[in-house]
Structures are given as structure tokens and as C-alpha cells.
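Structure first, then comments.
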Amino acid sequence: MKKIVLSFFSLLGFAAVAQELPDNAQPGKCYIKCITADEFREETETVEISPAYKKLKAVPGTYKIVEQEVLVKEASVKKVYIPAVYETVLIEVESGEEGKALSYDVVPASFEKEIVTIETQPKMGKWEYTQLKDCPSANKEDCVVACFVEAPAKSVNIGVTKLASDATVRENVIPGQTITYKKQVVKEPARVDEITIPAEYATIKRKVVDVPARVIEETVPAQHRNVTKTVLVKKGGMTVWEEVDCRVAAGFNVLPINYELNSALITPESKKTIDESLLALMKSKPGLRVEIASHTDSRGDDNYNMALSQQRAQSVVNYLVSNGISRSRLVAKGYGESRLKNNCGNNSNCSEEEHFENRRTEFRILR
């Protein structure tokens, strides 16, 4: 356990004559003598208390009755001969030499008359000059009038004979003669038809496996247990002096943090307060040991208040440990309603402000 001695040096420059006092002490400063304790840390080790293993379970198969259709007679083919079918038709045959000439008739040529018009003189034109009478000009050519005169075409009509058809001969032929007879012809030829004889089946019942036998494998997981152990990090026994604020070293210091009603959980605002005050102090002075003291007001059951205050003090310790402070440097102490700061005890008629004064968390440096 650490041995801590608090020494004060006055502003008058009092000489330190005690043994093992700090060198170069300054007037008006406060120092705490700390014999460093062993430093420990808590580690969690997981121990396997039961190994993982397999559990096997044999499940027998199950059967069922099924119906199955089986072939008892194979399919075959039967061939049937179908004779030809005939029909009677009438056949006409020519009995003479139809189309042969017996005699010829002569047809003389024929003619026709028509009128043909022939142009003997085409249409023509010419200029005719006429001299005016009483021409006032000495030159008579000045009084000549030129006129263009057109003469019509001239033609004659001539009667001509043209060939209408030339002379030909006409045959006198033998008229055709036919005779008729009956003839049987195949209407449907003979054939062989194949008739399929279907297969024959029967239904039988047999026993088959419905669900085959199997083995169910179940893995039983290993069981573990977490064991928290304390491990020595650094051996103590060294004497050190820590300079502290004289106001902090004097006794209990209020840590202005709040909790939810009937709860020991630290609020985010309270964590920020701890970080800026107590956590910063303990990180800057690694030799200090601190008691966290939590109090309640007088309302409620005394035993309940004592337990709640202990939980609240412990929650501050746990928060400091989670931020790197060794648990060996911390002591959690709940006082319940045993250390009221005023006369607001059980059944007292106090205001909320007076009760609030008693609901507090404090810390003090252990000597």
C-alpha cells in the first residue's frame, strides 16, 4: 500500500528540516509524498472449460407402398390383305378413217371495185403586180401594188379493181364414226394394311424407400469462461513528491456531476466534467490515490440510498479505469444519507435546493 505524507511550506520561506523532504520546494506550494505502489492492470483471459464436440444421431429410413405399371404383353403388328376394287367404265373407239378427203370443190377468186384519187398538181402561190392609175410619181414603179395569189391543188379520180380473195379448193371429208364397249378398271389397288396390337400392362404394388436412413450431426460448441486477473505491470517502492493545488489537497472536493433519477449511469455531460477535472489531475500526477465519495439526500429508504450511492461512486471509478487509470489508485465509497451538509434529514420539510446540496459526488486525495 502507498504511504502518502502531506507537507506544507509557508510563504515565509520556512526551511525544510524534515527528513526526505522535496528538493527545491517553492514557498506557498503543497506537496504530497508518495511511495509508489506496484502498478497492476486487469486482464480478461478466456478459459475453455468444455471443448466443442459432435453429437451423432442415427435416424432409420422409412418406407412407402407405391403402385407401378408393368408390361405383361408387348405390342405387335397384324398384317391384313385387302384385295383390289374394280369399276366398269364405257370406252369409245373410232370405227372409220375420219378426216380423209373424198372430193374437192373449187372456189374461184373474187374481186372488188374502189375509187383512187390522184393529185395531179399541188397547191401553189405567186406574186401579181398591178400599176395604180393616176400615179402622181414620175417613176411609175412607185405606184406598183404586189399581191400574193394562191392557186389550189388539182387531182383526178380513177376507178381500180382489187383482189378480194384468191381461188381455193374445199375438201369433202369422211365423217367420224365411234363404237362403245365396257371395260373394268382398278378403282382401289390391292394392299396390305398393318394393324397395331397394343401392349398390355398390369398394376403392381411394391415397397420402396421413402426417406433413406441418415445420420444427424450436431456440433456442441465449446464453453468458455472469462476470468479477470490482475497482472503486475510495474514494481513500486519508489519515493516521489507530487505538487498539488493546496485547495485540492485540503480535503473533499465536490465533483459536479449529475445522474439520472434512481440510476448510477454517468451522463455524457458528467463524463466531460470528469475528463476536465479528476481524470486530467490523475493523469498529470501518476502517484496520487483518490477516494470517490458519493452521497444522496434523505428522501427514500436509508439502505436503498446507501446502495445507490455506492453504485454511483463505483461508476465513476469504472469510468476512470476505462480511461487508463489503474484501479489500485482508486477507492469507491458510498455514504448514502449519512453525511448531510444541512439539517434536511428524514421527515424534514426542506426545499428542492436544500436536498440538491446533499446529492453530491466528491473526491479526496488519500494520505
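Here is how the numbers come out for the structure above:
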read-out	value
Flag if R299 is surrounded by fewer than 16 Cβ atoms within 10 Å (Cβ to Cβ) and more than 56 Å from the chain's Cα centre (by Cα)	yes
Unmet requirement for S309, which otherwise passes all of (1) out of contact with any strand residue (DSSP E or B) (no Cβ under 7 Å at 6 or more places or on another chain); (2) assigned to a helix (DSSP H, G or I)	(1)
Cβ pairs under 7 Å, 6+ apart, first in segment 179-200 and touching a residue at least 24 places away in the same chain (Cβ under 8 Å), second aromatic (F, W, Y)	Q184/Y86; V185/Y86; V186/Y86; K187/Y86; V192/Y81
Scan of segment 328-349 for residues that are modelled with pLDDT under 90 and outside any loop (DSSP other than H, G, I, E, B), ordered by number	S328, R329
Test result for G159, in contact (Cβ under 8 Å) with a residue 40 or more places away in the chain and either closer than 30 Å to P51 by Cβ or surrounded by fewer than 10 Cβ atoms within 10 Å (Cβ to Cβ) (or both)	yes
Condition check for E171: charged (D, E, K, R) and more than 30 Å from A84 (Cβ to Cβ)	yes
Conditions (1) crowded, with 20+ Cβ neighbours inside 10 Å; (2) under 56 Å from the mean Cα position of the chain (by Cα); number of the one not met by K271	(1)
Within segment 252-293, tally of residues that are part of a loop (DSSP other than H, G, I, E, B), charged (D, E, K, R) and in contact (Cβ under 8 Å) with a residue 12 or more places away in the chain	2
The lone exception for E291 - which of (1) surrounded by fewer than 16 Cβ atoms within 10 Å (Cβ to Cβ); (2) closer than 23 Å to E337 by Cβ; (3) of a type outside the set (G, A, S) it fails	(1)
Any chance S315 is among the small types (G, A, S), under 60 Å from the mean Cα position of the chain (by Cα) and part of a strand (DSSP E or B)	no
Failed item, numbered, when N358 is tested on (1) of a type in the set (S, T, N, Q); (2) within 30 Å of T228 (Cβ to Cβ); (3) crowded, with 17+ Cβ neighbours inside 10 Å	(2)
3 or more residues modelled with pLDDT under 85, surrounded by 10 or more Cβ atoms within 10 Å (Cβ to Cβ) and not small (G, A, S): qualifying strands (runs of 3 or more DSSP E) within segment 163-220	168-173
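The values are calculated or read from the model by the stated rules, or taken from the named source; none is laboratory data. This structure is a prediction, so every number in the text was calculated from the model and none was measured. All Cβ positions, glycine included, derive from the backbone under ideal geometry; neighbour counts span all protein chains shown.
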